[in-house]
Amino acid sequence: MNNKTPRLTVVGAGPGDPDLITLKAIKALESADVVLYDALINETLLSYAPKAEKIFVGKRKGCYAYQQEQINELIVSRAKSHGHVVRLKGGDPFIFGRGAEEIDYVQQFDIASYMVPGISSSLAVPAYQGIPLTKRGVSESFWVITGTTKSHKLSQDICLAAKSNATVVILMGMSKLNEIVSIFAAENKQDIPVAIIQNGTTEKEKFGYGTIENIEEVVLEKELSSPAIIIIGEVVNQRVRLASVYNEVREEIVS
């Protein structure tokens, strides 16, 4: 019989590079009895939880291992039967990660819940390519928007963002790229720079650069697809030159 106190820790795994996980996240994994992990996490992070049961609950290419309701129920059942459940999510769980939804559900069962923030891909992926989301004299703010809503439609916030001078970062938007381009073109922003980064901060990272006018051609040429982040704004032209040697620098740091 399990005598451990049921608890949940929702943990942000960061954007893909395993070195971008936090110390607090590692400590949570080390104390886990069960780890439920998503498709976008770097699986090398699971080595921090050598004694835990590990269950893949993510989705790949539209195929769900578990529906969200099943994940919620699994968290509760494993917390009651095993003790400490770590829900490991890519990026930051509170930025389009359903972390808050899972905590809301679990707290109905009087299970103690904790949150460990992660480095969001919306910030880290552009940074690894040397793109500053804000820069004095260029961009005073930025939007982070989901490209696909719960109803599988394009977020209307993109229409508002296209009217501003802010940097626009769109997650989960590759399937809606044609619509996004049309919205910005309607605002006479055909020349606005665009960057698309696939598998950002990982060894499989791919990068495409263009403008609203030609970015769809770039995507075809570079064979870019999901998971990818779309960055729209003048800051793309401010790309720091260190980006070209970033991988070499990272290898020196970790070796």
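Please verify whether region 77-88 includes one or more residues that are surrounded by 20 or more Cβ atoms within 10 Å (Cβ to Cβ), closer than 29 Å to S175 by Cα and not charged (D, E, K, R). Yes.
Condition (residue is in contact with a helix residue (DSSP H, G or I) (Cβ under 8 Å, 6 or more places away or on another chain) and of a type in the set (D, E)) applied to region 44-54: is it met by at least one residue? Looking through region 44-54, at least one residue is in contact with a helix residue (DSSP H, G or I) (Cβ under 8 Å, 6 or more places away or on another chain) and of a type in the set (D, E). Taking region 153-176 as the range and being assigned to a helix (DSSP H, G or I), within 21 Å of G97 (Cα to Cα) and either modelled with pLDDT of 95 or more or not polar (S, T, N, Q) (or both) as the test, the residues that pass are D157, I158, M174, K176. Looking at I119, I111, I75, I103, just one residue is in contact with a strand residue (DSSP E or B) (Cβ under 7 Å, 6 or more places away or on another chain) and under 27 Å from T202 (Cα atoms), and that residue is I119.
The values are calculated or read from the model by the stated rules, or taken from the named source; none is laboratory data. Here the structure is a predicted model, which is why all the values come from computation and not from measurement. For neighbour counting, all protein chains shown are included, and Cβ atoms are generated from backbone atoms with ideal geometry for every residue, glycine included.
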